[in-house]
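Read the structure below first, then the notes.
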Amino acid sequence: MRLLVSFSLVLGLLVHAEVFGQVERSPGDDPAPDFSGTYVGVRDFVRPNTYPLTAEGQRSLGAHDPYAGDPREFDCLEEPMPQLILWGHAVIQITHEDDAVLMKVERGATIRTIHMDVSEPLGDQPSTAKGYSLGRWSGNVLSVETTHLLGGVLSAVQGHPVSSEARFTERYWRNPGESSLQMELVVHDSVNYTQPVTFEREWRLSPEEQVQDYDCFSLELDESGPVDIDDLRRRLEQQ
């Protein structure tokens, strides 16, 4: 009996250490890190070697057509999650506000808000392409959870699906003595994947880079017939 009690005590201590290994900040702690700046995502980042697709995931992937749908998807719409942080050579600007961390991406003039002042979304929170992101500090790590998504794909080219029930978790941190940000993105989507899918990426601080203005003009081409070159020229000249 004494051995059983000792084992239970040790097990309890181990569980407690695992659960509370990353402690959220309290008002008396040192200030949270400031990740403000402009970053360039490294092109060669860690992607899954395989995607553990469910039967529904395989069906969705097989049906994906990267050229179908609204032509504005390729120019004038905001970038959805998680594509806005998975582009090959993306430039992203991070700023801190009192109650939020903002991420600005050039493509689509996309601004993503990570809410730091609430513990959960509102009951009637609508679903959007970017979803609703909640952030918190765990020590020096910014942890983010995104829900309320419309669904879509991880990559418009490859077409690995994302359902409206998906949940994204992200972690951002700096290694000691470094200015770059390390990122881990985990996709939880039991509709399309039999287990979570993980990406890892480095964002290099690049003060010389800028997120340029994104002045977009959608051609709104009608794919049902031939392109009217004269009308296209006229609309371009009006811009």
Residues of segment 180-211 with amide N under 13 Å of a point placed 7 Å along Cα→Cβ from S155: 199-200
Phi to ³J(HN,Hα) by Karplus 6.51 cos²θ - 1.76 cosθ + 1.60 over segment 132-146, Hz, x for Gly, Pro: 10, 10, 10, x, 7, 9, 10, x, 9, 10, 8, 9, 10, 10, 10
Simple label model, 7 Å out from Cα along Cβ direction - D213 to T128, nm: 2.3
Pair S190, R59: separation of 7 Å Cα→Cβ label points (nm): 1.8
Farthest positive-ward along segment 113-171 dipole, Cα basis, beta-carbon charges - from H160, L149, S133: H160
Loop-located GluC sites (Glu not before Pro) in segment 56-164, at most 12 other Cβ atoms within 10 Å (DSSP): E97
DSSP-loop chymotrypsin sites (Phe, Trp or Tyr not before Pro) across segment 62-147, with at most 14 other Cβ within 10 angstrom: Y67
Protein-only accessible surface order, largest first, of L61, L181 at 1.4 Å: L61, L181
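Which value does Rg/Rh take for segment 28-139 over its C-alpha atoms, Rh per Kirkwood? List each step's numbers first, then the result.
Values: Rg = 17.0 Å, Rh = 16.9 Å.
Rg divided by Rh gives 1.01.
The values are calculated or read from the model by the stated rules, or taken from the named source; none is laboratory data. From a predicted model like this one, the values you see are computed outputs, not experimental measurements. Neighbour counts are summed over all protein chains in view; Cβ atoms, including those assigned to glycine, are modelled from backbone coordinates with ideal geometry. Accessible surface is based on the protein model in full, side chains and every heavy atom, while ligands, DNA and RNA are left aside. Shrake-Rupley method; radii C 1.70, N 1.55, O 1.52, S 1.80 Å.
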